[in-house]
Amino acid sequence: MPQIEQLAATYSSQIFWVLIFFGFIFFVIGRGMVPKIMDTVAQRDKQIADDLLAAERARKQADAEEESWRVRENANRAQAQTLIAEARAKAASETEQRLAAAQGSIDGKIADAEAAIAAARQAAGAEIETVAADAARDIIGRVAGLSLDEGLVRAAVKENLVHG
Amino acid sequence: MHQFTIEPLFGSAHWNIAGYNIAFTNSALWMAIATVALLIFVAGGSKRQLVPGRWQMAVETFTGFIDGMLAANVGPNGKKYVPYIFSLFMFILFANVLGLLPIGVLGLHAFTFTSHFSATGVLAIMSFSIVLVVGFAKHKLHFFSLFVPHGTPALMVVPIFFVELVSFLVRPFSLGLRLFVAMMAGHVLLEVLSSFVIDSGNANIGLFAIAGLPSFVLMVGICALELLVAAIQAYVFALLTCVYLNDAENLH
């Protein structure tokens, strides 16, 4: 086993070179380069954490903005609804009034027309009475040779016209 | 066993400092190769891009892994040990994996310096020393309360203290020997099996069919297992160092 056989001859050289090379590794690589590498990693982790934080903050802000937009939108919608309702009510009442006015004038016209018709009918009835009385008196005069009083004839005709 | 032999390279056999030999051996060469490979690997991942490429992602995975291990075992105080644990883990991992490279087919000899306790022992003693220094610097003599767990009956305090003290003092040995034994055992196993394949093949075709071929199939599986062991032993070494550092940082 050379490890033991050569120990006396080589131990000093082994110890010396291990210390030299391990010392080089420790001071140049371990102390010199490793902290920089770990620093880079820490910096990256920090940047990632910061970015995540910023993203989270931006998300929260977006949420808040959306919320306020929603509130504003709801208010706007409500306002629009009231405006529409008002306009609708106004239009409805206007229409009603106009309808009522039109109805009134139509009713007036109908009443006038009915009155005119009634007057015309009455006039026509009176005329028919007169013509009938005249005709009846004429007929009586010619057929019976009687000359009757006009008022009497008219009363008789009226009675006949009324009772048919 | 030749694969574990340490040989001086480039005529450096007689280099020495204050009488101690410091020959640049094949072991030192593979430490240098692991160091350079690790340097290239980490440097490739040091572009510091905000959006990492694959390479940077790979390096960051390792630093994140060590960071997570320390955070889980030591807590927030463990952050300052990341450079040390990272160096330890990556050095051992690269050494283990590079030692498994099949560069024998190119006529070169891979050498796993983590299969020498003279190398792993240095790393283990270093970890243990850090635990001692941190423990005594942070808790002064209170650090000895580590050896008396909570709820120990008064009668048992003294025996428990010595039991715990021994288990504490054994740590550097278990830490260094575990890695050395695991790496060496794997390499020896592969060597034994490959000698079965070659020797039975040289003997006759019948022996090759009943011994060589199954050994070869087994070797394929064990090579995969060794890659796993290479990573796991590096992980265990780093993890146990974290656990010991936790004792030093937080006592119980």
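The values are calculated or read from the model by the stated rules, or taken from the named source; none is laboratory data. Here the structure is a predicted model, which is why all the values come from computation and not from measurement. Cβ coordinates were reconstructed from backbone atoms using ideal geometry, including for glycine residues, and neighbour counts include every protein chain displayed.
Here are some notes:
- Checking each residue in the stretch B:1-30 for being more than 23 Å from the chain's Cα centre (by Cα), loosely packed, with under 14 Cβ neighbours inside 10 Å and facing another protein chain (nearest Cβ under 7 Å) picks out only B:Tyr20.
- Test: residue in the stretch A:63-74 that is assigned to a helix (DSSP H, G or I), more than 36 Å from the chain's Cα centre (by Cα) and aromatic (Phe, Trp, Tyr): no
- Within the stretch B:65-75, the residues that satisfy the criterion of being part of a helix (DSSP H, G or I) and more than 9 Å from chain A (Cβ to nearest Cβ) are B:Phe65, B:Gly68, B:Met69, B:Leu70, B:Ala71, B:Ala72, B:Asn73.
- Unmet criterion (only one of (1) under 23 Å from the mean Cα position of the chain (by Cα); (2) within 8 Å of chain A (Cβ to nearest Cβ); (3) without any contact (Cβ under 8 Å) to a residue 12 or more places away in the chain) for B:Ile40: (2)
Here's the yes/no breakdown for (1) modelled with pLDDT of 90 or more; (2) under 30 Å from B:Phe65 (Cα atoms); (3) in contact with an Asp or Glu (Cβ under 8 Å, 6 or more places away or on another chain):
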{"residue": "B:Val158", "(1), (2), (3)": "no, no, no"}
{"residue": "B:Phe168", "(1), (2), (3)": "no, yes, no"}
{"residue": "B:Arg171", "(1), (2), (3)": "no, yes, no"}
{"residue": "B:Leu207", "(1), (2), (3)": "no, no, no"}
{"residue": "B:Val217", "(1), (2), (3)": "yes, no, no"}
{"residue": "B:Ala224", "(1), (2), (3)": "yes, yes, no"}
{"residue": "B:Asn250", "(1), (2), (3)": "no, yes, no"}
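- Hits in the stretch B:77-108 (condition: over 22 Å from A:Phe27 (Cα atoms) and over 17 Å from the mean Cα position of the chain (by Cα)): B:Pro102, B:Ile103, B:Gly104, B:Val105, B:Leu106, B:Gly107, B:Leu108
- Annotation note: of B:Val74, B:Val59, the sole residue that is over 24 Å from B:Thr112 (Cβ atoms) and in contact (Cβ under 8 Å) with a residue 12 or more places away in the chain is B:Val74.
- A:Ala136 vs. criteria over 30 Å from B:Pro52 (Cα atoms) and touching a helix residue (DSSP H, G or I) at 6+ places or on another chain (Cβ under 7 Å): yes
- Complete set of residues in the stretch A:12-27 that are out of contact with any strand residue (DSSP E or B) (no Cβ under 9 Å at 6 or more places or on another chain) and either within 15 Å of B:Ser12 (Cβ to Cβ) or facing chain B (nearest Cβ under 7 Å) (or both): A:Val18, A:Leu19, A:Ile20, A:Phe21, A:Phe22, A:Phe24, A:Ile25, A:Phe26
- Among residues of the stretch B:45-64 being more than 18 Å from B:Pro83 (Cβ to Cβ) and at pLDDT below 85, the one that is farthest from the other protein chains (Cβ to nearest Cβ) is B:Gly53.
- Complete set of residues in the stretch B:43-56 that are outside any helix (DSSP H, G or I) and in contact (Cβ under 8 Å) with a residue 12 or more places away in the chain: B:Gly45, B:Ser46
- Unique residue being closer than 30 Å to B:Leu50 by Cβ, without any contact (Cβ under 8 Å) to a residue 40 or more places away in the chain and out of contact with any Lys or Arg (no Cβ under 9 Å at 6 or more places or on another chain) when the list is A:Ala115, A:Ala120, A:Ala58: A:Ala58
- Candidates A:Lys60, A:Lys46, A:Lys36, filtered to the one that is in a helix (DSSP H, G or I) and either at the interface with chain B (Cβ under 7 Å from one of its Cβ atoms) or of a type in the set (Ser, Thr, Tyr) (or both): A:Lys36
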